[in-house]
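The block underneath contains the structure these notes are about, expressed in structure tokens.
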Amino acid sequence: MAPTVRVAAVQAEPVWLDIEGTTAKTVELIREAAAGGADLMAFPETWIPGYPVFLWSYPVYEQMEFVARYHANSPTLDGEHLRRIREAARDNSVTVVLGFSEKDGGSLYMAQAVIGPDGQILLHRRKLKPTHAERTLFGESDGSGIKVIDTPAGRVGALNCFEHLQPLTKYAMYAQNEQIHVAGWPCLGILGKVPALSPEPIMAASQTYALEGSAFVITATQIMSEAGARQFPTADGGPTPVYTGGGGYARVYGPDSALLTEPLDPATEGIVYADLDLARIDLAKNTVDPAGHYARPDVTRLLFDDRARTPMVRPGELDGELFAPLPEPEPAPAG
């Protein structure tokens, strides 16, 4: 019998708008998961410095103070806060999938990093298209982040939030033989009465991903307390008007869509664990494998461009199409 892989899903509250506090909490959670025997652990979307709840709470002109603080508390990929988290992954021999607001120059991106148990970054990706109000704060990405990679725990991929509602993005992941998928979700304790944004369809999307992709799916979510909701206060100091309480839905689904963990109370911080037998994927795919034997490429196929795109290119860097290298100058005639 093949050895199992123990995975851990985080359900916790960030230290809102506080890069230092949330980094310290991240390190402690990595230690806790390692003590619980985890080989791989997953954090929520924009775990550092917390989901920008203010985007959904107030008009744009009232958000400026929050925007400034959010920029100031968003880590860079090569900065000290990611370095400390990488060191924690290495010191505890855990593969960590981290969600964070990445600062790159003057722009922010909804990023995820897969950090190996040696502390190396195995994958760095950004949310392909931020959702709705998120587009006022975050930039977009490209197809280079739609990737499944080999890790000591298996073939791992990750997506953020409503990327799980993009059928073509999901299919590109399924076609890469993903075994363990991390679904990074934000705080589900806001806008919980809006049907499309409420926990039930969000968990249904995660479960559907497991069924369609024949993959184990780890859902990691933030929670929000009453005190946390007051970090985005109304004029009279009350909690943000979009606060609906709790929001924790850390779960693990099997490749046949079965729920493998006992849910925590939505308002309680904690880590849920599951032991995965990757051989179960073969049984699930034997029934339905939409990117394999159940596909019909003669009828429908996906055109997938996974090239990185940057705002600036140099001669010769754009596939040789538009920016071919300049020809060498003709030698000056003798004499």
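We did not get these values from a lab; they are worked out from the coordinates using the rules stated. Quantities reported herein were computed from a predicted structural model and do not represent experimental measurements. Quick reminder, even Gly has a Cβ in these numbers, built from the backbone with ideal geometry, and neighbours come from all protein chains shown.
Quick one: dipole size for the chain, taken about the Cα centre, charges +1 on Lys/Arg Cβ and -1 on Asp/Glu Cβ, in debye to the nearest 20.
Roughly 260 debye, rounded to the nearest 20.
Considering the chain as a Gaussian network with a 10 Å cut-off on Cα pairs, which listed residue, Ala24, Ala196, Ala183, attains the greatest mean-square fluctuation?
Of the options given, Ala196 has the highest mean-square fluctuation.
Under 14 Å between alpha carbons: how many lysine pairs meet that in the chain, if sequence neighbours fewer than 8 apart on the same chain are excluded?
Close lysine pairs found across the chain: 5.
Read phi for every residue in segment 184-196 and hand back ³J(HN,Hα) as whole Hz from Karplus 6.51 cos²θ - 1.76 cosθ + 1.60, θ = phi - 60°, with x for Gly and Pro.
Result, ordered by residue: x, 10, x, 5, 8, x, 10, 6, x, 8, 8, x, 5 Hz.
Under the Karplus relation 6.51 cos²θ - 1.76 cosθ + 1.60, θ = phi - 60°, what is the ordered set of whole-Hz ³J(HN,Hα) values for segment 26-33, x standing for Gly and Pro?
Whole-Hz 3J(HN,Hα) from phi for segment 26-33: 4, 4, 5, 5, 5, 4, 5, 5.
For segment 1-112, compute Rh as the Kirkwood radius over C-alpha pairs and then the Stokes-Einstein diffusion coefficient at 10 °C and 1.306 mPa s; write the answer in µm²/s, rounded to an integer.
On the way: Rh = 14.8 Å.
Approximately 108 µm²/s, per Stokes-Einstein.
Quick one: Arg126, Arg307, Arg155, Arg251, fewest Cβ neighbours within 10 Å first, how do they rank?
Working: Arg126 21, Arg307 9, Arg155 17, Arg251 24.
So the residues, fewest neighbours to most, are Arg307, Arg155, Arg126, Arg251.
Take the alpha-carbon centre of segment 152-188, take the same for segment 115-129, and report the distance between them in whole Å.
Centre-to-centre distance over Cα atoms comes out at 13 Å.
Once you sort the root eigenvalues of the Cα gyration tensor of segment 180-267 as a ≥ b ≥ c, which label holds: rounded (a/c under 1.5), prolate (a/b larger than b/c) or oblate (the other case)?
It is prolate, given that a/c is not under 1.5 and a/b is the larger ratio.
Taking the Cβ-Cβ separation of Tyr61 and His132 as r and a Förster radius of 22 Å, what is the calculated FRET efficiency to the nearest 0.05? Show your work: numbers first, answer last.
Details: r = 18 Å, r/R0 = 0.83.
Efficiency computed from Cβ-Cβ geometry: 0.75.
Which whole-angstrom value gives the distance between the alpha carbon centres of segment 245-312 and segment 39-97?
23 Å
Estimate the FRET efficiency between Ile121 and Arg31 by the formula 1/(1 + (r/R0)^6), using the beta-carbon distance for r and 25 Å for R0, to the nearest 0.05.
Computed FRET efficiency for Ile121 and Arg31 comes out at 0.80.
Taking Rh as the Kirkwood radius computed over C-alpha pairs, what is the Stokes-Einstein D of segment 221-314 at 25 °C in a medium of viscosity 0.890 mPa s, expressed in µm² per second?
My calculation gives 134 µm²/s for D.
With bins 5 Å wide starting at 0, give me the P(r) of segment 92-139 over every alpha carbon pair, in whole percents.
So the P(r) values, bin by bin, are 5, 21, 24, 20, 12, 10, 5, 1.
R0 = 41 Å: FRET efficiency of Asn286 with Glu140, Cβ-based, nearest 0.05?
0.65
Would you kindly work out the equivalent ellipsoid of segment 5-287 from its C-alpha gyration tensor and give its semi-axes, the square roots of five times the eigenvalues, largest first in whole Å?
28, 20, 18
For segment 65-144, just run the numbers: alpha carbon Rg, then divide by 2.2 N^0.38 Å, N being how many residues it has.
Dividing the Cα radius of gyration by 2.2 N^0.38 Å gives 1.14.
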